[in-house]
Each structure stands twice: as C-alpha cells, then as structure tokens.
Amino acid sequence: KAGVTQTPRYLIKTRGQQVTLSCSPISGHRSVSWYQQTPGQGLQFLFEYFSETQRNKGNFPGRFSGRQFSNSRSEMNVSTLELGDSALYLCASSLEAGGAYNEQFFGPGTRLTVL
Amino acid sequence: QKEVEQNSGPLSVPEGAIASLNCTYSDRGSQSFFWYRQYSGKSPELIMFIYSNGDKEDGRFTAQLNKASQYVSLLIRDSQPSDSATYLCAVTYRGNQFYFGTGTSLTVIP
C-alpha cells in the first residue's frame, strides 16, 4: 500500500508570495492533519480535515488555510509569505477521525524556504 | 493548554546499552500515546503506541505508560548506531488531534 505523498518536496518562494502544498493520504484514510516543523519549535499542529470538513485548528494566523477534497486529498495554502514561514510542512493521514486510537502516518514533507 | 514535555537531550548511550526516553503530559484526559522516530532530514515514523497502563513490548522497544503519574517512556534495548535519531512523544486527547513533544535526540556510540 502506498504511503502518504506530498508535493512538491522542495519549494523556494519570496516574501509576500503565496504557496499551495498538496497531500495525498494513504488509500482508505479519511483524516489528514498538517504540521509545521521548525528547529527548536518541534511539530506545530496546523489543522485537521476529515470528510472535507476542518475538525481541528491550531494556533496559526489566517494566512494559513487548507481544504480537503472528496477523494481525501488535501491542500494547504499560505498567503503573504513571511521569512518565519520557512519550515518543513508535514502531512499525516489516519484511518478516521473522532477516535483516540488512530495512528498517524506522515508523508515525506515539503521543505519551504522563504527568501 | 495541553503540554507534552520531553528532555531535549542529547542523550548518548553506548552500543548495546538500554536507552531510556521519557515523556510527561499535562492533561489527565489524554487517551493514547505514541512514539515516533525522526532521522535528520526525514519525516517522523511511528515506532509504537500504547493506550493502557503498563508495558507494551515490540521487538527491542518497550513503551511504558503510567497514567496516574502522567508519564510515558520508551526503552530501547541493545541500542544500535542506527537508532540514533530524535524521538518524538505524542499524545491524543479526545478526537484526532495529536500533541507532540519537542523530541529527545539520541546518539548511540559504537
């Protein structure tokens, strides 16, 4: 079974631009979560989607948004990029939401560099 | 605020020794507990999870959970240089939102 895939793997943008990252979960998984990882900050939760609905949202500004499609694929968008948005963005999928016992499996991540 | 605390390390152990990684969490309602391993430049990979008090063994790995003390640990027996990585503790509380610690860096010295 194929794992979680993320595209693109690397991205370089300049301040003020916007970016869209894509995540395809493991086949059959309906929940997709997004995280930002920076040195020293660890994994910061951005949001989680299940059945095209945002179920949870972390403490990030409105410049960060996401959506999920009917095939469970998800995208996240960052508008008006800032230097501090440079990070590894990780997507994780799990079988379903609403339960406490669902393991999350991570994709390889998208390394975003903002110049 | 749900907090997950880990000693950032670095933790160094000789090859063949037992590595002990610890994690505490703040919310008594936390329901499930996960350990992830992350190699430098890679994404986290799930090692094991535990839901009930006590020990759970999987190969060289043992997870220990003590809900009364709000403490979860990971023991790695017969540590190998390939175990050198950052280990992330994660906790879930009602629903699918994971709360991660900042990780403990482990170095196994040959």
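The values are calculated or read from the model by the stated rules, or taken from the named source; none is laboratory data. What you see is a predicted model, and the numbers here were worked out from it, not measured in a lab. All Cβ positions, even for glycine, are placed from backbone atoms using ideal geometry, and neighbour counts span all protein chains on display. Calculation scope for accessible area: heavy atoms of the full protein, side chains included, ligands and nucleic acids excluded. Shrake-Rupley method; radii C 1.70, N 1.55, O 1.52, S 1.80 Å.
Data overview
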| quantity | calculated |
| --- | --- |
| Index of the failed condition, A:Pro8 passing every other in (1) open to solvent by less than 20 Å² (accessible area, probe 1.4 Å); (2) closer than 26 Å to B:Thr86 by Cβ; (3) away from every other protein chain (no Cβ under 13 Å) | (1) |
| Filter result (within 11 Å of chain B (Cβ to nearest Cβ), over 20 Å from B:Cys89 (Cβ atoms) and hydroxyl-bearing (Ser, Thr, Tyr)) within region A:35-79 | A:Tyr49 |
| In region B:57-69, the residues that are in a strand (DSSP E or B) and either of a type in the set (Asp, Glu) or surrounded by fewer than 16 Cβ atoms within 10 Å (Cβ to Cβ) (or both) | B:Glu57, B:Asp58, B:Asn66 |
| Unmet criterion (only one of (1) within 14 Å of another protein chain (Cβ to nearest Cβ); (2) exposed (fewer than 15 other Cβ atoms within 10 Å of the Cβ); (3) under 20 Å from B:Ser82 (Cα atoms)) for B:Gly16 | (1) |
| Where A:Gly66 falls short, out of the listed (1) surrounded by fewer than 20 Cβ atoms within 10 Å (Cβ to Cβ); (2) assigned to a strand (DSSP E or B); (3) small (Gly, Ala, Ser) | (1) |
| Some residue of region B:80-88 being over 25 Å from A:Val4 (Cα atoms), out of contact with any His (no Cβ under 9 Å at 6 or more places or on another chain) and either at pLDDT 95 or above or open to solvent by less than 10 Å² (accessible area, probe 1.4 Å) (or both) | yes |
| Candidate set: region B:70-79, residues that are in contact with a strand residue (DSSP E or B) (Cβ under 6 Å, 6 or more places away or on another chain) and either among the charged types (D, E, K, R) or at negative phi (or both); chosen: the one surrounded by the fewest Cβ atoms within 10 Å (Cβ to Cβ) | B:Tyr71 |
| Whichever residue in region B:28-49 is in contact (Cβ under 8 Å) with a residue 60 or more places away in the chain and in a loop (DSSP other than H, G, I, E, B) and, among such residues, is most open to solvent (accessible area, probe 1.4 Å) | B:Gln31 |
